[in-house]
Amino acid sequence: MMAATATARVRMRPRCAQALWRMPWLPVFLSLAAAAAAAAAAEQQVPLVLWSSDRDLWAPADTHEGRQLLQKQPISPVIHPPVSYNDTAPRILFWAQNFSVAYKDQWEDLTPLTFGVQELNLTGSFWNDSFARLSLTYERLFGTTVTFKFILANRLYPVSARHWFTMERLEVHSNGSVAYFNASQVTGPSIYSFHCEYVSSLSKKGSLLVARTQPSPWQMMLQDFQIQAFNVMGEQFSYASDCASFFSPGIWMGLLTSLFMLFIFTYGLHMILSLKTMDRFDDHKGPTISLTQIV
């Protein structure tokens, strides 16, 4: 009898394996697992970038062969220093990797005329504890003198019990006319600086600058923008409040995909645990067993 029982169990194992492979969810699970493995392998090829409020410490991380954990990264030279408005001490800091302006679809790069320039015209700049204005004047720009004014305000919000700053607007003065750009999304705690990859009036760059009059002949683009007008300590930015939200579209896609795969795994595990083997076997000396259904 023991031999018959062992033989029946051996026969049942191939049947269980065949039933497992016939399950419709198994190919989907295997394809998702392969896609996740491919995404993880591709992610390992993405170069890492280190960011610091100190411009001397901004450098791309080394991804060459031989890189080890906690290995000291080589420091790249400073691209250019930030614009600093001083009265008795540094009051306003402004930096951008690229500062470009367009008038009637004619673009001009103001980066080399703004950063690292000793004779930069800051006439009209002003600062106190609740209001700040950074004024940048350029002569012979588009055939005339153009002034850009960054207007920032610092207010106490009782709900959060702390001060927050907001860049209320960006003004462009030229030929006696003024163009206004709303920049209320440039905001953060007053003890921090503000950083954003793009602060631009272009829709494909996020449109953080919104012109009051549409269409506007002026277009602005500041790449890798950072500004601080309150609680400035020396010539370095404080910790940056970034415009990018924590839950980016990529993070949401990853979470939803993980939940979907977890559901498939749970369902598959439940199906496997629900499999039942025969608990009765034929006895060659007794009557034949008749089983109508196996659940």
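The values are calculated or read from the model by the stated rules, or taken from the named source; none is laboratory data. Keep in mind that this is a model prediction, so the values were computed, not measured. Here Cβ is always computed from backbone atoms with ideal geometry, including for glycine, and neighbour counts include all displayed protein chains. What goes into the accessible areas is simple: the full protein's heavy atoms, side chains included, and nothing from ligands, DNA or RNA. Shrake-Rupley method; radii C 1.70, N 1.55, O 1.52, S 1.80 Å.
Side notes on the structure shown:
- Some residue of the range 154-173 being of a type in the set (D, E, K, R), farther than 26 Å from residue 234 by Cα, open to solvent by 20 Å² or more (accessible area, probe 1.4 Å) and over 24 Å from the mean Cα position of the chain (by Cα): no
- Whichever residue in the range 252-289 is more than 37 Å from the chain's Cα centre (by Cα) and either among the β-branched types (Val, Ile, Thr) or within 30 Å of residue 190 (Cβ to Cβ) (or both) and, among such residues, is modelled with the lowest pLDDT: 289
- Cβ-Cβ contacts under 8 Å between residues 6 or more apart (or on different chains), taken from a first residue in the range 126-153 that is over 19 Å from residue 112 (Cβ atoms) and aromatic (Phe, Trp, Tyr) to a second residue that is open to solvent by 50 Å² or more (accessible area, probe 1.4 Å) and assigned to a loop (DSSP other than H, G, I, E, B), are listed as 127/87.
- Criterion (within 27 Å of residue 125 (Cβ to Cβ), open to solvent by 80 Å² or more (accessible area, probe 1.4 Å) and either in contact (Cβ under 8 Å) with a residue 60 or more places away in the chain or not hydroxyl-bearing (Ser, Thr, Tyr) (or both)) met by exactly one of 185, 219: 185
- Strands (runs of 3 or more DSSP E) contained in the range 96-145 and holding at least 3 residues open to solvent by less than 40 Å² (accessible area, probe 1.4 Å) and of a type in the set (A, V, I, L, M): 131-141
- Looking only at residues in the range 234-256 that are among the small types (Gly, Ala, Ser) and part of a strand (DSSP E or B), the one that is nearest to residue 94 (Cα to Cα) is 240.
- Restricted to the range 188-208, and to residues there that are surrounded by fewer than 17 Cβ atoms within 10 Å (Cβ to Cβ) and of a type in the set (A, V, I, L, M, F, W, C), the residue that is modelled with the lowest pLDDT is 202.
- For the range 222-233, the candidate set comprises residues that are of a type in the set (S, T, N, Q) and part of a strand (DSSP E or B); within that set, the residue that is surrounded by the most Cβ atoms within 10 Å (Cβ to Cβ) is 228.
- Selection from the range 237-251 of residues that are open to solvent by 70 Å² or more (accessible area, probe 1.4 Å) and modelled with pLDDT of 85 or more: 239
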